[in-house]
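Report on the following structure.
The values are calculated or read from the model by the stated rules, or taken from the named source; none is laboratory data. Quick caveat, the model's predicted, so the values are computed rather than measured. So basically every Cβ, Gly included, is an ideal-geometry build from the backbone, and we count neighbours across all protein chains shown. Calculation scope for accessible area: heavy atoms of the full protein, side chains included, ligands and nucleic acids excluded. Shrake-Rupley method; radii C 1.70, N 1.55, O 1.52, S 1.80 Å.
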Amino acid sequence: MLKEFINFEVISRDNWQTLHRKTTPPLTSQELESVKSLNDQISLQDVIDIYLPLTSLIRIYKKASEDLSFSKSLFIQEQIRQKPFIIGVSGSVAVGKSTTSRLLQMLLSRTFKNARVELVTTDGFLYPNAVLKARNLMDRKGFPESYDMELLLNFLDNIKNGQEVDIPIYSHETYDILKDQAQTIKTPDFLIVEGINVFQNPQNQGLYISDYFDFSIYVDAEPKDIENWYLERFTKLLELAEHDPNNYYHRFTKLPYSEAIQVARDTWESINLPNLQQYIQPTRSRAEIILHKSANHKIDKILLKK
């Protein structure tokens, strides 16, 4: 085992799926399809084997968090205040963390019947393209310096303190922050924060984003497998953009297919792979749980922090 995983218990898929007795998923195959990313592969059996036990584990962490909050309030003689349970989900571009996040949102909403479960992505905290261009950072988009970390930390702080917050919205179609549009987050019971940077080093006052998390997940896979998934997704994005001139990817549909794919390979090798190796992958040991995927997208093992 790698030294970074010495503090984790490695659980096989076969053993993990025995940790939850329920065998009927609380969603249909059509609903599962609706939360699945473009080229991701996930089945209702995966929901039963992996995500129902994971939801049960989150329930345990939530109960422990509430008990601790109650005891601390008694100790310092303050009124008990309900705080949102915040879950961080990280991993590489194209690894399937968006599918994991959306599926968790649905499962938590159905497990905790009256709970408000919100999902935000840290893409919304990227600086707008105009700012990135002015700072000569367009080729560093997705790297730590391309995010407004102060805005993201302020958002999490306000949410933890029970405030309603408006946050920017990022469009993958235009490849930029949408002007004059915002997502309103209203005092959630659960907040899922998904992004490649959610475990990364602080850039402001020594605070980590993960300081605000009550539970955290890293979706892991071998870099070569992720590259293949990235190229598959790029191909599907080209198909979707073919007849939409406003789509960022439409420009690549004008190239011969081989040249377009080479653009994607170059982007992976010059931007996404270095970002993964230098900034994303080194943070995975900060997660409470690591979901490792094999080449066929199937989660084959789970690493749970001891």
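Tabulated data
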| quantity | calculated |
| --- | --- |
| Subset of the stretch 98-133 (residues that are closer than 19 Å to residue 175 by Cα, touching a Phe, Trp or Tyr at 6+ places or on another chain (Cβ under 9 Å) and open to solvent by less than 30 Å² (accessible area, probe 1.4 Å)) | 120, 122, 124, 125, 126, 129 |
| Qualifying residue in the stretch 129-150 (condition: within 28 Å of residue 84 (Cα to Cα), assigned to a helix (DSSP H, G or I) and among the aliphatic types (A, V, I, L, M)) | yes |
| Scan of the stretch 207-226 for residues that are assigned to a loop (DSSP other than H, G, I, E, B) and either open to solvent by 40 Å² or more (accessible area, probe 1.4 Å) or of a type in the set (A, V, I, L, M) (or both), ordered by number | 207, 208, 214, 221, 222 |
| Any hit, the stretch 176-197, residues being assigned to a helix (DSSP H, G or I) and open to solvent by 40 Å² or more (accessible area, probe 1.4 Å) | no |
| Residues (assigned to a strand (DSSP E or B) and either small (Gly, Ala, Ser) or without any contact (Cβ under 8 Å) to a residue 24 or more places away in the chain (or both)) located in the stretch 9-37 | 12 |
| Any chance residue 69 is over 28 Å from residue 285 (Cβ atoms), at pLDDT below 95, open to solvent by less than 60 Å² (accessible area, probe 1.4 Å) and polar (S, T, N, Q) | no |
| Filtered residues of the stretch 253-306 (kept if loosely packed, with under 12 Cβ neighbours inside 10 Å and part of a helix (DSSP H, G or I)) | 254, 257, 258, 259, 266, 269, 270, 278 |
| Number of the exception - residue 7 against (1) buried (at least 20 other Cβ atoms within 10 Å of the Cβ); (2) closer than 30 Å to residue 144 by Cβ | (1) |
| Of the criteria (1) modelled with pLDDT of 95 or more; (2) not in a helix (DSSP H, G or I), which one residue 204 fails | (1) |
| Tabulated pairs, the stretch 248-272, first in contact (Cβ under 8 Å) with a residue 24 or more places away in the chain, second open to solvent by 80 Å² or more (accessible area, probe 1.4 Å), C-beta under 7 angstrom, 6+ apart or interchain | 248/173; 271/139 |
| All positions within the stretch 42-66 that are surrounded by 15 or more Cβ atoms within 10 Å (Cβ to Cβ) and not in a helix (DSSP H, G or I) | 42 |
| Selection within the stretch 160-172 - in contact with a helix residue (DSSP H, G or I) (Cβ under 8 Å, 6 or more places away or on another chain) and not in a loop (DSSP other than H, G, I, E, B) | 160, 165, 167, 168, 169, 170 |
| Evaluation of residue 28 against (1) more than 20 Å from residue 220 (Cβ to Cβ); (2) open to solvent by 50 Å² or more (accessible area, probe 1.4 Å); (3) under 18 Å from the mean Cα position of the chain (by Cα) (one fails), failing number | (3) |
